[in-house]
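The values are calculated or read from the model by the stated rules, or taken from the named source; none is laboratory data. A quick note: this is a predicted structure, and the numbers were derived from the prediction, not measured. Every residue, glycine among them, receives a Cβ derived from its backbone with ideal geometry; neighbour counts consider all protein chains shown.
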Amino acid sequence: MRPETRTVRLPQPPVTGSTPITVPLYQTSGFVFDDAQAMAEGMSRPDGAFVYGRYSNPTVRSLEEAVSGLEGGVAAIATGSGMGAINSVLLGLLKPGDHLIAQEALYGGTAAMINELVARFGVTVTYVPETDPAALRAAATPATRLVYLETIANPVGQVADLPAMCAAARELGLTTVVDNTFATPVLCRPIEHGADIVVHSLTKYISGHTDVVGGIAVFADDALYRKVWHFAIELGASADPFAAWLTLRGLQTLALRMERHCANAQLVAERLADHPKVTKVHYAGLPGHASHEVAAKLLSGSGGVLAFDLAGGRQAAEAFMRSTRLVLLAPSLGGVETLMLHPASTSHRALDEAELARTGISQGTVRLAVGIEHAEDLWEDIAQALDNA
C-alpha cells in the first residue's frame, strides 16, 4: 500500500493469550463486517453483533452489563444523560391518551417532561404520595400504563415505600419505573422490591467524579427491554464510549464513596437540625423526617443529599451560598466534592409555587450534595456561612 492508504488503514493487533485488566475504550463509530447478513442481523437486535455506535458499543455494553448486574436486572440501555434514560422510557412506553401515576415529589427535569407529555401529547397524570398504595389504586384508570417513583426524592429526601407501591402497581398490571439515582444500587435495588425499570443519572454517584454526563435504564423483563431499545436507538440518546469508560472507572469505587457520603451527610444533617437559623432539615436519616421509618427498612444508608430551610427565606439562602468557602455553588451532585444549589431557582425552576409546595420546596430551601471531604472541615464552612444567613 502507498503512504496515503497506510495512514488511513491502521493495523489492529489482536489481544491473544491474555486479558486486559480494565475494560478497553472502543472509541469508534462503527464496525467492519465480512458478511452482509451478519451486519443486517446485528442492526436488528440489542444482543447482536456490534455495528454502529448509536446501536451498541463494547465499552458501553460493559457498562450496561455492570449496572444491570448491580441492580439485578436482565439488561440495560446506557444513554447520553439521565434525562435521556428517563425520556427513552417515558416516550417509548407512553402514547397519546395514556395515563401516568407519579409520586408528588419529583426531580424538576422529570416533572417538566411530564408537563410536556401532558401539554403536547395528551397524556394525563395523577400525583400521589410515594408511600400510599391506596391512593395509587384509587388513581388507576383503564388508560393507566406507568407508575413513576423515586427511591429518594430530589431534593427533600422523601423515600418511596417501594415494596407497597410496586405491589399495588403489579396488582393493577402497571409497569413501575423507579429513579434510583440518589440511592444507587449500593443502598437500594428497586427490582428486588418489584420495580420493572430502574433509571439512573450516571452523572451522579455511579460515575462519581463530576466529569461525565450519562444515564441508564435497567430492565427486569427482556421483552420490555427490547421494546424500549428499539425506540431508544431511533431517539438517538445513546451513550458515548468515552463517557461510558470513565463511568466504569468511577463505578469501581462506588461502594467506598457511598459509605463516606452517607456518614458525612448524617453528621451535617444532625448539626443543621440544632442550628437556630434552620427551620427544617430534609434528610431521611433524622428521626423527625417523614420517611425515616421507611428509609430504615428499605435503605442501607440515607444517602449523601440533604436539604434545609432557612428562616430568612430566599434572601438568607442567597447570603448563605455567597458565604461558603469550601462548599461549591454548582449544579449536579454525587461527585467527591460538596456542592450546593437553590432548588426553587435552578433544578426545579420550571415548577410554579403550587408545584414547589407539593414537592416540599420553599424559597428558603438549600440543597447540599455532601462530598467525601473531612466532615469537620465541611461543618466549619457551613457554620460560618450560617452566621451570614
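With the structure loaded, tell me whether V186 is under 24 Å from R45 (Cβ atoms), assigned by TED's automatic domain parsing to the domain that holds T151 and in contact (Cβ under 8 Å) with a residue 60 or more places away in the chain or whether it fails that test.
no
With the requirement that a residue be touching a helix residue (DSSP H, G or I) at 6+ places or on another chain (Cβ under 6 Å) and not in a helix (DSSP H, G or I), what does segment 304-337 give you?
G304, L306, F308, L310, T324, R325, L326, V327, L329
For segment 130-154, how many residues meet the condition of being part of a loop (DSSP other than H, G, I, E, B), over 22 Å from E71 (Cα atoms) and hydrophobic (A, V, I, L, M, F, W, C)?
So the answer is 2.
Note down all Cβ pairs under 7 Å where the first residue falls in segment 24-47 and is in contact (Cβ under 8 Å) with a residue 60 or more places away in the chain, the second is of a type in the set (F, W, Y), and they're at least six residues apart or on different chains.
L25/F242; L25/W245; Q27/F242; P46/W229
Mind listing whichever residues of segment 313-348 are under 14 Å from A105 (Cα atoms) and more than 17 Å from the chain's Cα centre (by Cα)?
The answer is A344, and nothing else.
To keep it simple, each residue is scored yes or no on (1) surrounded by 24 or more Cβ atoms within 10 Å (Cβ to Cβ); (2) outside any strand (DSSP E or B); (3) in contact with a Ser or Thr (Cβ under 6 Å, 6 or more places away or on another chain); (4) polar (S, T, N, Q).
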{"site": "T176", "(1), (2), (3), (4)": "yes, no, no, yes"}
{"site": "T181", "(1), (2), (3), (4)": "yes, yes, yes, yes"}
{"site": "P185", "(1), (2), (3), (4)": "yes, yes, no, no"}
{"site": "I191", "(1), (2), (3), (4)": "yes, yes, no, no"}
{"site": "A195", "(1), (2), (3), (4)": "yes, yes, yes, no"}
{"site": "H200", "(1), (2), (3), (4)": "yes, no, yes, no"}
{"site": "Y205", "(1), (2), (3), (4)": "yes, yes, yes, no"}
{"site": "H209", "(1), (2), (3), (4)": "no, yes, no, no"}
{"site": "V218", "(1), (2), (3), (4)": "yes, no, yes, no"}
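I'd like the full set of residues that are buried (at least 23 other Cβ atoms within 10 Å of the Cβ), closer than 19 Å to N180 by Cα and not aliphatic (A, V, I, L, M), limited to segment 288-313.
S291, S302, G303, G304 - these are the residues of segment 288-313 that are buried (at least 23 other Cβ atoms within 10 Å of the Cβ), closer than 19 Å to N180 by Cα and not aliphatic (A, V, I, L, M).
I'd like to verify a number: residues in segment 97-116 that are part of a loop (DSSP other than H, G, I, E, B) and among the aliphatic types (A, V, I, L, M), how many?
The number of residues fulfilling the criteria is 2.
Report the residue count in segment 229-286 for those that are of a type in the set (A, V, I, L, M, F, W, C) and either assigned to a strand (DSSP E or B) or over 29 Å from W379 (Cα atoms) (or both).
Residues flagged as of a type in the set (A, V, I, L, M, F, W, C) and either assigned to a strand (DSSP E or B) or over 29 Å from W379 (Cα atoms) (or both) within segment 229-286 amount to 15.
Do we find that E293 is at pLDDT 95 or above and assigned to a loop (DSSP other than H, G, I, E, B) in this structure?
In short, no.
Tell me which residues, restricted to segment 347-366, are assigned to a loop (DSSP other than H, G, I, E, B) and touching a residue at least 60 places away in the same chain (Cβ under 8 Å).
Scanning segment 347-366 gives S347, H348, R349, A350, L351, G360, I361, G364.
Test each condition in (1) among the aromatic types (F, W, Y); (2) crowded, with 21+ Cβ neighbours inside 10 Å; (3) modelled with pLDDT of 95 or more for Y127 and report the one that comes out false.
(2)
Return yes when L172 is free of Cβ contacts under 8 Å to residues at least 60 places away in the same chain and either out of contact with any Cys (no Cβ under 8 Å at 6 or more places or on another chain) or not assigned by TED's automatic domain parsing to the domain that holds A66 (or both) and no when it is not.
yes
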